[in-house]
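Report on the structure given below.
Nothing in this text is a laboratory measurement; each read-out follows from the coordinates by a stated rule. Remember, it's a predicted structure, so these values are computed and weren't measured experimentally. No Cβ is skipped: glycine too gets one built from the backbone with ideal geometry, and neighbour counts run over all protein chains shown.
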Amino acid sequence: MIDLLIRNGSIVSGDGRREADIAIRDGSIAAIGELSNLEAHEVIDASGLHVLPGAIDTQVHFREPGLTHKEDLESGTRAAIMGGVTTVFEMPNTDPPTTTREALEDKLSRADGRTWCDHAFFVGASAENVGRLADLELQPGSPGIKIFMGSSTGSLLIPDDDTLREVLRNGRHRCAIHAEDEFRLRERKALVGEAPQPEDHPFLRDAETAALATRRLIELVAETGRPLHILHISTAEEVRLIAQAKERGLPITAEVTPQHLWFAGPEDYRIQGTHVQMNPPIRDDSHRRRLRDGLRAGVFDVFGSDHAPHTLEEKSRPYPASPSGMPGVQTFVPALVTLAADGLLDLETLVRMACERPTELYGIRAKGFLREGYDADLTLLDPFRRRSITPEWLQSKCGWSPYEGLDLAGIPEYVILRGTVLVRNGKLAGSPIGRPVRFLWK
């Protein structure tokens, strides 16, 4: 007897679409095909719905410990599962930062019994833990090392090439990196005018700040051979640099966020103000168009939400005292499905970049693909039906979204984690059953 049978859905993979049924037993995909003769404890009729693997969001900030008035592991993963994200990688810039084995184990302990999706926690590189990074990247429950070249504080900041080179030489797995040049950022702070506005943000953190860091990284990768994954690409020049680096055969991969593909200055700054303030910034349409060209050309490997919530009170502070970052994990899949409906990409590319490629880059065990024997992580959605994003639907503790009031396609009808239905008919069901992600090399 099958536990769960999903019938009559249109199954989407990175290779194409087909009409098929999916049988689930003991949390795994047992069979895919014409399965009308099977008996099951529960049957979901997916007629009119597309069946995608659960999305893997490899860049979220859930603020626990230390900043839980903005978000915590329970609320952040609840937002993720409601939006069709079944696996998250959480970032180390919490308070205290995740730079030791003890801090990693503390996060894993906090997550136990409280998370709605599966999870892993990056360890942050610092000048103090360089000699331990080769060991830290192998710890259970972590996808590896995160590096901040700029836009961070305290021990997590690695601004100079000598320390960065040492970080890259201590370990062998792919590092994720925030690439903004800290020295240029400090210089440009002096350019703040008497009455700065949110639309000044991409001027103060200009395109050269990001491109300069990416140029430095490319040469360090050529020197050390260490695989690097550059997060939230935001500039036209970076698209060119990354394409060239890949042509050279360097082990560099790159992420683009839905918000950098969606929003553009100065218009969206005038409409939303600090709500679209993030690092690196939302830039003007010339950069957005080049990011979209890069997406079509296959320059980017994955999508990431860079979910980084702040309260409305914090966001209401006058710029530049307002913090950078916006929520995005719950709207991650719907925003991408809407961009697909508008012709920027197809659903196959969405699945490849939001589900399959993260599994390949980080060696995730049994996730990201609709294959027999893999975890039964599924999102069922209608890519043609659009619904308004309302505060009532949002689950993040911060309580707002830059997509609020917009009509997005692909809001999930069902979300299934390891065979358990956690979203049913668009509403939260079940209870938190998330567990640490397993990796092939651990």
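Quick rundown of the values:
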{"item": "Using a Förster distance of 35 Å, the FRET efficiency for residue 19-residue 246 (Cβ separation, nearest 0.05)", "result": "0.50"}
{"item": "Relative contact order (percent, whole number), the stretch 55-362, Cα cutoff 8 Å, 6+ residue spacing", "result": "18"}
{"item": "Counted charge near residue 328, where neighbours are those whose Cβ lies closer than 11 Å (Asp, Glu -1; Lys, Arg +1)", "result": "-2"}
{"item": "Excluding exposed DSSP-loop GluC sites (Glu not before Pro) (at most 11 other C-beta within 10 Å), longest clean stretch of the chain", "result": "195-391"}
{"item": "Whole-Hz ³J(HN,Hα) from phi, Karplus 6.51 cos²θ - 1.76 cosθ + 1.60, for the stretch 152-168, glycine and proline x", "result": "9, 10, x, 5, 6, 7, 10, x, 9, 5, 5, 5, 4, 4, 5, 4, 5"}
{"item": "Placed amide H near residue 326: partners under 5 Å, 5+ positions off or other chain", "result": "308"}
{"item": "Helix axis angle, 73-82 relative to the chain longest principal axis, alpha carbon, degrees", "result": "60"}
{"item": "Full-stretch length increase - residue 222, residue 41 - with 0.36 nm per residue and alpha-carbon distance subtracted", "result": "59.7 nm"}
{"item": "Percent RCO, i.e. relative contact order, over the stretch 59-149, from Cα pairs under 8 Å lying at least 6 residues apart", "result": "28"}
{"item": "Cα gyration tensor category, rounded, prolate or oblate, for the stretch 249-372 with a/c compared to 1.5", "result": "prolate"}
{"item": "Debye intensity ratio I(q)/I(0), log10, the stretch 148-209, q values 0.16, 0.17, 0.24, 0.30 Å⁻¹ (C-alpha model)", "result": "-0.60, -0.66, -1.03, -1.31"}
{"item": "Inter-label distance for residue 425 and residue 109, nm, one decimal - labels placed 7 Å from Cα along Cα-to-Cβ", "result": "4.2"}
{"item": "The stretch 211-251 versus the stretch 1-49: alpha-carbon centroid distance in Å", "result": "40"}
{"item": "Length-normalised contact order for the stretch 321-390 - Cα pairs under 8 Å, 6+ apart - percent", "result": "20"}
{"item": "Note, ³J(HN,Hα) from phi for the stretch 198-212, Karplus 6.51, -1.76, 1.60, rounded to Hz, x at Gly and Pro", "result": "x, 5, 7, 4, x, 7, 5, 9, 6, 4, 5, 4, 6, 5, 4"}
{"item": "Rounded to whole Hz, the Karplus (6.51, -1.76, 1.60) HN-Hα couplings of the stretch 371-380, x for glycine and proline", "result": "9, 4, x, 7, 3, 7, 9, 9, 10, 10"}
{"item": "Contour minus Cα-Cα distance for residue 101 and residue 286 (0.36 nm per residue)", "result": "62.3 nm"}
{"item": "Nearest-ten-degree value, helix 101-111 long axis tilted from longest Cα axis of the chain", "result": "40"}
{"item": "Residue-averaged 222 nm ellipticity for the chain, from DSSP H runs of 4+ at -39500 (n - 2.57), nearest 500", "result": "-7500 deg cm²/dmol"}
{"item": "Between 0 and 90°, nearest 10: helix 285-297 axis offset from the chain longest Cα axis", "result": "50"}
{"item": "Separation in nanometres of the label points that stand 7 Å from Cα toward Cβ, at residue 187 and residue 342", "result": "3.5"}
